[in-house]
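Scroll down for the structure; my scribbles are underneath it.
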Amino acid sequence: MNRETRIELEAAAFRRLVEHLGERTDVQNIDLMNLAGFCRNCLSKWYRAGAEDKGIELELEEAREIVYGMPYAEWKSKYQMEASAEQKAEFDKNHH
């Protein structure tokens, strides 16, 4: 496989991941962090870092809108729920 095809496939996989996460608004970021060690915010930061590596200025909020499919504040107000004590305990166990 040549480099261009690999990049196209990687981009397609990223777009599908973002689409899937957009369909699964029931899955909270803390759930993703507890299970996989990354979340939508991580993807946004990685996207922004990739832009910076290419010399492209991209604000974090712009990257978040790409990943969340809407402004982050709007996503939070529509879909983010308060983390349970169990979710918080699991996060603390794994990330501190």
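Bear in mind these aren't lab numbers, they're just calculated from the coordinates by the rules spelled out. These numbers were taken from a predicted model, which means no experiment stands behind them. Cβ coordinates were reconstructed from backbone atoms using ideal geometry, including for glycine residues, and neighbour counts include every protein chain displayed.
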Going through region 81-91 in order, the residues found to be in contact (Cβ under 8 Å) with a residue 24 or more places away in the chain, of a type in the set (A, V, I, L, M) and farther than 21 Å from E23 by Cβ are A83
Within region 1-35, of all residues that are assigned to a helix (DSSP H, G or I) and among the β-branched types (V, I, T), the one farthest from K78 (Cα to Cα) is T5
Inside region 1-41, the number of residues satisfying the requirement of being among the β-branched types (V, I, T) and surrounded by 13 or more Cβ atoms within 10 Å (Cβ to Cβ) is 4
Selection from region 46-65 of residues closer than 17 Å to L17 by Cβ and surrounded by 15 or more Cβ atoms within 10 Å (Cβ to Cβ) yields Y47, R48, A63, R64, E65
With criteria (1) more than 24 Å from E90 (Cβ to Cβ); (2) outside any loop (DSSP other than H, G, I, E, B); (3) out of contact with any Asp or Glu (no Cβ under 9 Å at 6 or more places or on another chain), A51 comes up short on (3)
Restricted to region 33-48 and to residues being under 12 Å from the mean Cα position of the chain (by Cα) and of a type in the set (S, T, N, Q), the residue nearest to F91 (Cα to Cα) is N41
Sole miss for K78 among (1) loosely packed, with under 13 Cβ neighbours inside 10 Å; (2) more than 25 Å from F14 (Cα to Cα); (3) in contact (Cβ under 8 Å) with a residue 40 or more places away in the chain is condition (2)
Residue match in region 36-44 (condition: out of contact with any Pro (no Cβ under 6 Å at 6 or more places or on another chain), free of Cβ contacts under 8 Å to residues at least 24 places away in the same chain and not in a helix (DSSP H, G or I)): yes
Within region 55-90, residues assigned to a loop (DSSP other than H, G, I, E, B), within 17 Å of V27 (Cα to Cα) and more than 15 Å from the chain's Cα centre (by Cα) come out as M81, E82, A83, S84
